[in-house]
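Following: one structure in structure tokens, then a few remarks.
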Amino acid sequence: MGDLIEHGQLFIGGAPAEPAGTDTIEVVSPHTEEVIGRVPHASRADVDRAVAAARTAFDRGPWARTSLDERIVVVTRIKGAIAARHEEIARVISAQNGSPYSWSVRAQALGAVMVWESAIAVARDFPHEERRAGLGPLLVRREPVGVVAAVVPWNVPQFAAAAKLAPALLAGCSVILKPSPETPLDSCILAEIVAEAGVPEGVVSILPAGRHVSEYLVGHPGVDKVSFTGSVTAGKRVMEVASRQLTRVTLELGGKSAAVILPDADLEAAVAGIVPIAWMNNGQACVAQTRVLAPRAHYDEIAERLTAAASALVVGDPLDPATQVGPLVARRQQKRSLDYIALGQREGAKVLTGGGRPAGREQGWYVEPTLFGDVDNAMRIAREEIFGPVVCLLPYGDEEEAARIADDSEYGLSGSVWTADVGRGVEFARRIRTGTYSVNTFGLDMSGPFGGYKNSGIGREFGPEGYCAYLEHKTIHLPRGWDG
């Protein structure tokens, strides 16, 4: 990326602010293993300042009391500025976390623009106040929940930030955004955009920090709502800490999603559709289809096709537009994937392609796109979220067994089915306990709710359901005959 990117200030209450401490976060390139950026590490004192500013802004400031139309004007400016700077944002994210640049442009940057745009459309059409007839006339209102702590992950930092910040701001909330220490640089761009958009004082703070400061934020008595995206382990801890204040939580957690190829499917089309959603973002995506279920009658052909497709994926520098699989975000993630590959072999699965570091890639946290065959769903590689470029191919007998295997998971976030009969696919989708499902495609449409069953989370993002996460519901009872 060139010169070292350094930021010496935090963003507190809508303006640059000197950090209370001297600790810094060094951002290391997963491709070169060299330091590419440095930002302040927020402290507990910085959290206190940000929460106090958000609390004052919400309790006494104009944002929560201004009209929705006025808030839409400001949020539309944010969306427009992200769109204008999307290539810059994509490059910064790819440099930080290893996402292939072509994927970063579509999903990281322009995907975030789509989230902002969808949130604006939802808020504009949402019934914030309505009359109902009960025992007497009722007025039902939806009002902003208050001060929001939004904790976002390193794998899709701007997309996840938009999923929380956009509806929260449109609802009238104040927000403290906590980026991951692996990917704080794009949040500095977002801070510039928020300041230029005219968001009032106190309404937005952005505090890059690690786990201990994050815990302090989500347990802060001045916070009304926590929205978290991350691992199941971290999500459970967030819920535990937030529960001490009875703080409301939305948790978007992990997945181990299954792509089910039914016997009547067009195998060429199915494999072509599954490969990009199995190895998306280097396998570092909660919705990645990391279990592929193949009918035994076609298992060998599917294995051959998947192996050829995975072997052909271009591995390399994430900033090269030709790259399809880049390095993992950190050395620990590389080790995690390699450890799971070794575990899968000990469990009896067969490596069909990949299985180690790519040849000639001694530098950088690379792992080959890996496909395991002969996988049993009881194996740990089929049950645990690896969060790397490792995919399992599982055989099944009939459709009943396919549904049972697909559902036999502690996760329930995503999934897909591939078939010549879309109606059959829809019926199959209805049987699987996941928050989202796709038939002959992969979808993440921001006009519909997104979230998980089981250990994949609590609550929903996107659509009216996600917007409601930032609203409280109030009932006002009115006297009979009043028609004001």
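In the set GLU182, GLU201, which member is in the same structural domain as THR24 (by TED's automatic domain parsing), within 17 Å of the chain's Cα centre (by Cα), at pLDDT 95 or above and surrounded by fewer than 24 Cβ atoms within 10 Å (Cβ to Cβ)? Within the list GLU182, GLU201, the selection yields GLU182.
The criterion of being exposed (fewer than 15 other Cβ atoms within 10 Å of the Cβ), in contact with a helix residue (DSSP H, G or I) (Cβ under 9 Å, 6 or more places away or on another chain) and not basic (Lys, Arg) holds for ASP69. From the residues in region 443-471 that are hydrophobic (A, V, I, L, M, F, W, C) and at pLDDT 95 or above, which one is farthest from the chain's Cα centre (by Cα)? That would be LEU471. One residue stands out among those in region 321-337 that are in contact with a strand residue (DSSP E or B) (Cβ under 8 Å, 6 or more places away or on another chain) and of a type in the set (A, V, I, L, M, F, W, C): the one that is farthest from TRP154 (Cα to Cα), which is VAL325. Of note, LEU306 does not satisfy the criterion of being in the same structural domain as ILE405 (by TED's automatic domain parsing), farther than 20 Å from GLY415 by Cβ, surrounded by 17 or more Cβ atoms within 10 Å (Cβ to Cβ) and not aromatic (Phe, Trp, Tyr). Residue count for region 105-144 satisfying the condition of being in contact (Cβ under 8 Å) with a residue 24 or more places away in the chain and under 22 Å from the mean Cα position of the chain (by Cα): 17.
Of the helices (runs of 4 or more DSSP H) lying entirely inside region 349-441, the ones with 2 or more residues being among the hydrophobic types (A, V, I, L, M, F, W, C), without any contact (Cβ under 8 Å) to a residue 60 or more places away in the chain and in the same structural domain as THR290 (by TED's automatic domain parsing) are found at 422-431. You will find that of GLY326, GLY344, the residue that is crowded, with 18+ Cβ neighbours inside 10 Å and either of a type in the set (Phe, Trp, Tyr) or closer than 30 Å to PHE428 by Cα (or both) is GLY344 and no other. Among helices (runs of 4 or more DSSP H) entirely within region 210-325, having at least 1 residues that are closer than 30 Å to CYS468 by Cβ and in contact with a helix residue (DSSP H, G or I) (Cβ under 7 Å, 6 or more places away or on another chain) singles out 211-218, 232-243. Scanning region 82-110 for residues that are of a type outside the set (Ser, Thr, Tyr) and buried (at least 20 other Cβ atoms within 10 Å of the Cβ) yields a total of 16.
The values are calculated or read from the model by the stated rules, or taken from the named source; none is laboratory data. This structure is a prediction, so every number in the text was calculated from the model and none was measured. Note: ideal-geometry Cβ built from the backbone for every residue, glycine included; neighbour counts use all protein chains shown.
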